[in-house]
Structure formats: C-alpha cells, structure tokens
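Working notes for the structure below.
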Amino acid sequence: MSFEALGLHVNIIRALTDSGYTKPTPVQEQAIPAAIEGRDLMVSSQTGSGKTAAFMLPALHKLATAEVVTYTNGKTPNQERQAARSRGDRPRFVAAKPKMLVLTPTRELALQVTTATDKYSSYTRRLKAVSILGGMPYPKQMQLLSRNPEILVATPGRLIDHMESGKIDFSELQMLVLDEADRMLDMGFIDDIEKIVAATPPTRQTMLFSATLDGVVGNMAKRITTEPLVIQIAGSASKHENIQQKVHFVDDLSHKNRMLDHLLRDVSVDQAVVFTATKRDADSIADRLNIAGFAAAALHGDMHQGARNRTLDALRRGQVRVLVATDVAARGIDVPGITHVFNYDLPKFPEDYVHRIGRTGRAGRKGIAVSLVNHAEGMHVKRIERFTKQLIPVDVIEGFEPKKSAAPARSAARKPSGWKPGDTRKSGNNFGNSRPGGQRSFSKPAAPRKEGSGGGNGGGYRGNRSSEGGARRSFGE
Ligand code: AMP
C-alpha cells in the first residue's frame, strides 16, 4: 500500500517523500482513508506507531482540498478585523476560529504534533498550526491566535483559559482529535475535556487515539464519537519488540550510581534518557554526570517551558547526550539518536514504563532499556511484567555484581513462548563484560535497605519525597 493509494493530496505526498516516508504504517493504512471520508475514529495505538500522521495527514488533505476553509459568515477572522477597521471601529480582538483542534496531555507532545504538522504541510499553502500551551506567555499566545490558525494543538488547561476569555471560538470547528486520551484522563483532565467537547459543534468529526480503549477512556470515546470506526493496532511497536529490555540489581545508591556511570560510558550509547522519580534527583544526577564529563541536562515539570524547549532542542541537535528526566519526558520525545533508556528509578505506574522505554527504538530502530532495581523493588518489576506480558531478563555485569544472592525462578508474568526458567535472553548484549546466567533475584525480595538520605532512590514507590506523580496535572496546563 502506498500513500498515493490512500488518496492523499499530491502536495502532502511530496512532503512525505521529503520526510523519507516510503509507505504508510498499519495505523495510517486503516485510519487515513476512513478519516478522509469523514468517519469518526476510535484508535488504540501506541506512540511510535505513526499515529500523529494517521490523524494529521487526512486532516491536512481535507483542509487543503475542500471548501472547508471557507467560513460560514463568509469572512475569515482577518477579514472581520479589516472590515471593523475600515468602518472605523475600535480595534478589538476577533476570536480565532480554528477548523481543527488537537488536544494532547503534555506540552512536549503538543509541540511535537505541531512540528510534525509543519513538516507534513510544507507544500500546502495557507495552513497554519499553532500550539497553545501552559507555561507560554499570554501575549505570545494572543499573537499566535490573532493569525487565525486553521489548526490548534493545545493542552486542555490553557485552552480553557482562552475559551473562557473569548479568544477562541469553536463554531467553525470541523475536526477534533484527542491524542493520548488515556493519559489525559490519568492526568485528571476529564472535566476540561468534557467542557471543550461541549463547546464544539456536534457536526464535527472526532478522532480519538489512546493506548487502550478499555474502561473510562472507552466510555468517554463512545460518548463523544458517532458511529466510529474502531481500529486496534497491536503490533511490534506496542510490544516494543525492537527494544532489548533488562534489569540490573543494585545493592544501594552508590552501587547504582557507579553502575549508571559504567553503562553510560559504553560506546554503543549514542544518546540516552535516564528517568528518575523526582525532579530533585533529575537535577542532582544531571549535575553529577556533568561533573563526570557527560554532556547531561535535566528535564522536569518545574522548569519553564522555554528552558524545557531549549533542552529538547539541544537533545535533538546532539549537544545533550544524556537527558535526565522525570516522567514529564516519558511521552512525546521523539529523537532518533536515543539508543538507550535507563530507569534510575522505576516508574510509579507500569504504563509509564512502556512509555519511557518507547523513547528509544524510534522509527524502526533498535533500542536498549535498562532498569536499575533495588532488591526490594522486585514486586514492581513483576507488576511491569504482568502489564507488558513480557519477562525482563536480569543481567549481571562483571565487577558490578550485587552482593545479595539471588533465587532464580519465579512465576511473574505469563511466560512468553520459548521462555525457560533462568533464561536471560541476553542476545547481543551491548555493554560487554556481562556474565552469562544472570540471576533473577526478585522472587525473594530482601528487606528494604535504608538508602543514603542525600539523593535517595526508589522514592517513586515509597512516596517519601515529592514526585511528579502528585503534580501530574500541571504538565499540561
Ligand atoms: P508517532 O507514533 O506519531 O509518534 O510517530 C513515530 C515516528 O515515526 C515519528 O518519528 C514519525 O516521524 C515516524 N513515522 C510516522 N509515519 C511514518 C511512516 N509512514 N514511515 C516512516 N516513519 C514514519
């Protein structure tokens, strides 16, 4: 199947050729023709599956080809402004009337969707996409809105502010996309989403993308769509089969830090993301790694949007080699050079593990995801394994063996076919020096060890320090 066969506008196909896309991904193959027809969609697909293009390409096609760019009162907001000026009316802000709205859970994802849109619409004249995000100065956003963009990409909190102050009018809206809807609900945006949906015309086309369509998110999807086409993509992307996962057990914080330094020095690490449970650890580990000679930078929700953007740009340009981040970076970062993800602390929720490791192995590449785990955290590894239905092999590096002895077998997740007890599936170990026969030690977790009080670790589970879990909603505002 080719992009031409999906019926896309020739100028969009030119942009895809420039981007190096040769054929549609499975989610694109199913979603694009139905979306061009105007059908509502309920899509379960993971980040990395090409979902952004699955909703943005048909939307651009429709905006580029159809009469949809006309306005029901015959005037664009810019024409309204000009008419007001020529009548000698006092200049006033005429609300932006977007044709398409994309809601995303985080600022990072919103910016990424906007960048992708700019790329896909580079040959499509007069289609503007802007991001409306928390953390961005209001005057700047007013300036963006005054250009009357056809496409708005927004996080829910800030969008509601602009709606309530009359800066945005959804009466012309034709397409509504909820990207990573499950995540938006996790972050407590349900009321905001309901409010936004209620402000859009019932005739709109609605496309909802989510990692899962079960439970609350599925119910919401059914409520806001009309006779949707349901697309379920369960491919290698969602199982992350291109990402080699492993666990290294550590005795204490100093063991963990030494191991991280060692792993980061491996020549196969091009760029890496190190995930921590707290903002404070993200800062302190980034500082420590810089002193140790790594080009490291922190990224977390306490940083201003400008600083976050600069850090991400530096990562994209390769100036930052190690990004030390909280879960604010678990979704939305799409940098092909990221070869490794390290969980310095395990995430609070198994879903976040899946999103974190998805920062590597982008666009068909291979990746490596390593979790540094205290013996007391075995239960959390099991929860992740149950969620992903995959066992994560335990690996041991010579010279970095944990002092605790390990018990080999346990019954955690459903065992993937071909799995044998004690099987460490160490294919292609990239860190050298690893010893065969890595052991599973978390079937018999040892008593929790008291860690050094300074940097701390594993705090994500004990809840003894402020983690970003409690501040989730603030990312999208
Ligand atoms: P997404 O799931 O939208 O985050 O996309 C994941 C990555 O796949 C991004 O880097 C896209 O640029 C890339 N991508 C999306 N569609 C295609 C395609 N048809 N061919 C090659 N790469 C693609």
Relative contact order for the range 4-236 using alpha-carbon pairs under 8 Å, separation at least 6, rounded to a whole percent? 28 percent
Accessible area of Phe55, 1.4 Å probe, to the nearest 10 Å²? 0 Å²
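Cross-link list Lys256/Lys389; Lys23/Lys51; Lys128/Lys167; Lys222/Lys366; Lys23/Lys246; Lys366/Lys403: which exceed 24 angstrom alpha carbon to alpha carbon? All intermediate terms of the calculation are to be shown ahead of the outcome.
Working: Lys256/Lys389 27 Å; Lys23/Lys51 14 Å; Lys128/Lys167 17 Å; Lys222/Lys366 36 Å; Lys23/Lys246 32 Å; Lys366/Lys403 32 Å.
In this structure, Lys256/Lys389; Lys222/Lys366; Lys23/Lys246; Lys366/Lys403 exceed 24 Å between Cα atoms.
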Cut-off under 5 Å, modelled amide H: who pairs with Ile243 long-range: Gly367
So if the hydrodynamic radius of the range 177-279 is defined as the Kirkwood radius over C-alpha pairs, what does Stokes-Einstein give as its diffusion coefficient at 10 °C and 1.306 mPa s, in µm² per second? 90 µm²/s
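Using a ≥ b ≥ c from the Cα gyration tensor of the range 328-410 (square roots of the eigenvalues), is it rounded, prolate or oblate, where a/c under 1.5 gives rounded and otherwise the larger of a/b and b/c decides, a/b for prolate?
On the way: a/c = 2.09, a/b = 1.56, b/c = 1.34.
Note, shape of the range 328-410 comes out prolate.
Whenever you get a sec, line up His355, His304, His9 from highest to lowest accessible area (probe 1.4 Å, protein heavy atoms).
On the way: His355 10, His304 150, His9 45 Å².
Ranked from most to least accessible, the order is His304, His9, His355.
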Rolling a 1.4 angstrom probe over the protein chains, ignoring ligands and nucleic acids, what is the accessible area of Val230 in square angstrom, nearest 10? 80 Å²
Would you pull out the residues with amide H under 5 Å of Val274's amide H, same chain only if 5 or more places away, H placed 1.01 Å from N? Leu323, Val324, Ala325, Phe342
Tell me, what ³J(HN,Hα) does each residue in the range 117-131 have, in order and in whole Hz, if you take phi through Karplus 6.51 cos²θ - 1.76 cosθ + 1.60 with θ = phi - 60° and put x for Gly and Pro? 5, 4, 5, 6, 9, 5, 9, 9, 5, 6, 10, 10, 10, 10, 9
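Stretch Gln232-Asp287 to full length: gain in nm at 0.36 nm per residue minus the Cα-Cα span?
Details: separation 55, 0.36 × 55 = 19.80 nm, distance 4.26 nm.
Stretched fully, the Gln232-Asp287 segment lengthens by 15.5 nm.
Relative contact order for the range 119-167 using alpha-carbon pairs under 8 Å, separation at least 6, rounded to a whole percent?
Values: 37 pairs, mean separation 21.3, N = 49.
Computed value for the range 119-167: 43 percent relative contact order.
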Residues whose modelled amide H sits under 5 Å from the amide H of Val396, counting only those 5 or more places away in sequence or on another chain, are Arg435, Gly438
The percentage of the accessible area of the range 4-236 (probe 1.4 Å, all protein chains present) made up of carbon and sulfur atoms, to the nearest whole number, is 50 percent
Taking a straight Cα-to-Cα line shorter than 15 Å from Lys404, and setting aside same-chain aspartates and glutamates fewer than 8 residues away, one finds Asp251, Asp252, Glu377, Asp395
Working from the alpha-carbon coordinates of the range 4-236, get Rg over Rh, Rh being the Kirkwood radius. 0.96
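Which of rounded, prolate or oblate describes the range 258-396 when judged by the alpha-carbon gyration tensor and an a/c cut-off of 1.5? Before the final figure, lay out the partial values.
Working: a/c = 1.42, a/b = 1.42, b/c = 1.00.
Since a/c stays below 1.5, the shape of the range 258-396 is classed as rounded.
What trypsin sites (Lys or Arg not before Pro) in the range 335-386 are in a loop by DSSP, with at most 16 other Cβ atoms within 10 Å of the Cβ? Spell out each step's value before the answer.
On the way: sites: Lys348, Arg356, Arg359, Arg362, Arg365, Lys366, Lys382, Arg383, Arg386; in loops: Lys348, Arg359, Arg365, Lys366.
Counting only loop positions with at most 16 other Cβ atoms within 10 Å, the trypsin sites (Lys or Arg not before Pro) in the range 335-386 are Arg365, Lys366.
The values are calculated or read from the model by the stated rules, or taken from the named source; none is laboratory data. Please read all numbers here as calculations on a predicted model, not as lab measurements. All Cβ positions, even for glycine, are placed from backbone atoms using ideal geometry, and neighbour counts span all protein chains on display. In case anyone asks, the SASA skips ligands and DNA or RNA and just uses the protein heavy atoms, side chains included. Shrake-Rupley method; radii C 1.70, N 1.55, O 1.52, S 1.80 Å.
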